[in-house]
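**Student:** Here it is, the structure in full.
Values quoted throughout were computed directly from the atomic coordinates according to the rules given, and no laboratory measurement underlies them. Note that this is a predicted model, so its numbers are computed, not measured. Ideal geometry is used to build each Cβ from the backbone, glycine not excepted, and the neighbour counts take in all protein chains shown.
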Amino acid sequence: LFLVNGVIVNENLRGQPHELFIEDAIKETTVLTGGVSAEYGKFTGGVVSTLTKSGGNEFSGSLRDSIANPSWTEKSDYAAQVDPLDEMNETYEGTFGGRIIHDRLWFFTAGRMEDRQTRLQLRLTNIPYVETRENQRWEGKLTGQVTPAHNVIGSYLVSNNDHNNIVTFGPVVDLRSLTTRTQDKTLLGLSYNGVLTTNMLLEAQFSRMDDDLVRGAETRDKIEGTLLRDRSTG
């Protein structure tokens, strides 16, 4: 079970976790493998729980640019391998947080922008093509202390992912069989904890994850939009 700010990010179809986080916004990650509390619900194997940063009374932020280039990877001994694309792939990350009301209300924001291009080739026909991926993630978080005994936290994250020229249905043999995928995801988490009396504590949480996936060919034409595969075993 994978959680971000107490919200489950496993998708419903295969149980795989979504990448609903920004690396530079992570405060801590806890891995639980035994003696796990019943509050986490049904799971197998263990629990991975990630918490993101919160703002403070002092304003602070960060900015990072991660650079990669497919041409920096050495080619294999496969004679038909195409030359890797000589293209700078950059991932920008930034964070900023601070106070809205001193000692009462704080904010934290983060963003991540990724633009990646990779030259690949079809497995059977060795036709080269360029796979592209654009991903943008934005996070906002408010932390409030109504009184010293009552705290409220709200976080919201948006992820927009556009993936073009991907192999979805096995060993395709022509470029028209490559597909596109657009996936927009949101993650909302609201939590409250407080001391009601000397003998009573209260914790409450509301969470919601939305996942919209659109995938398939760019056309429904009977020729241009028909998948072409080689299913031979010889």
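**Student:** How are the C-alpha pair distances of the range 77-136 spread across 5 Å bins, as whole percents from the shortest bin up?
**Tutor:** 4, 14, 16, 12, 11, 9, 8, 6, 6, 5, 4, 4, 2
**Student:** For the pair Asp103/Arg14, report the inter-label distance in nm, with labels modelled 7 Å from Cα in the Cβ direction.
**Tutor:** 5.2
**Student:** Let me ask something additional. Work out the charge dipole of the chain with +1 on the Cβ of Lys and Arg and -1 on the Cβ of Asp and Glu about the Cα centre, then indicate which of Gly94, Ile127, Ser37 is farthest towards its positive end.
**Tutor:** Farthest towards the positive end: Ser37.
**Student:** Between Asn89 and Arg123, what length comes free when the chain is fully extended (0.36 nm per residue of separation minus the Cα-Cα distance, one decimal in nm)?
**Tutor:** Details: separation 34, 0.36 × 34 = 12.24 nm, distance 2.39 nm.
Gain in length upon complete extension: 9.8 nm.
**Student:** Using the Cα centre of the chain as the reference point, and only Cβ charges (+1 on K/R, -1 on D/E), how large is the resulting charge dipole? Debye, rounded to the nearest 20.
**Tutor:** In total the dipole reaches around 640 debye.
**Student:** Give the lysines whose C-alpha is closer than 28 Å to that of Lys75, dropping any in the same chain fewer than 8 places away, or say none.
**Tutor:** Candidates past the 8-residue exclusion: nothing left.
**Student:** If you don't mind, there's one more thing I want to ask. So which residue, out of Tyr92, Tyr78, Tyr129, gets the largest mean-square fluctuation from a GNM of the chain using Cα contacts under 10 Å as springs?
**Tutor:** Judging by the Gaussian network model, the answer is Tyr78.
**Student:** Let's test this: bin the Cα-Cα distances of the range 96-234 at 10 Å from zero up to the farthest pair and state each bin's percent.
**Tutor:** Result returned by the calculation: 10, 25, 21, 16, 13, 10, 5, 0.
**Student:** Another one. Under a crude label model (7 Å from the Cα following the beta-carbon direction), how far is Phe43 from Glu23 in nanometres?
**Tutor:** 2.4
**Student:** Still on this model: Determine the equivalent ellipsoid of the range 2-91 by diagonalising the alpha-carbon gyration tensor, then write out the semi-axes as square roots of 5 times the eigenvalues, largest first, rounded to whole Å.
**Tutor:** 35, 24, 10
**Student:** Here's a follow-up. Averaging over every viewing direction, what projected area does the convex hull of the Cα atoms of the range 134-198 cover, in nm²? Mind dumping the intermediate values first?
**Tutor:** Details: hull surface 26.8 nm².
So the mean shadow area of the Cα hull is 6.7 nm².
**Student:** Oh, and also: Quick check for me: using +1 on Lys/Arg Cβ and -1 on Asp/Glu Cβ, what's the dipole size of the range 1-54 about its Cα centre, in debye to the nearest 20?
**Tutor:** Using Cβ point charges on Lys, Arg, Asp and Glu, the range 1-54 gives about 160 debye.
**Student:** Same structure, new question: Using only alpha-carbon positions, what ratio does the radius of gyration of the range 171-234 give when scaled by 2.2 N^0.38 Å?
**Tutor:** 2.30
**Student:** Take Ser62 and Glu203, extend 7 Å from each Cα along the Cα→Cβ direction, and tell me the distance between the two endpoints in nm.
**Tutor:** The modelled label-to-label distance comes out at 2.6 nm.
**Student:** Something else now. Could you give the dipole magnitude of the range 87-190 about its Cα centre, charging the beta-carbon of Lys and Arg +1 and that of Asp and Glu -1, in debye to the nearest 20? It would help to have the intermediate numbers written out before the result.
**Tutor:** On the way: 12 positive and 12 negative charges, 49 e Å.
Charge dipole, the range 87-190, about its Cα centre: 240 debye, nearest 20.
**Student:** Further, regarding this structure: I'm spelling it out carefully: the read-out is percent of Cα pairs over 31 Å apart, the candidates are [x] 32; [y] 41; [z] 45, and one was derived from this structure. Which label?
**Tutor:** The listed entry that was calculated here is [y].
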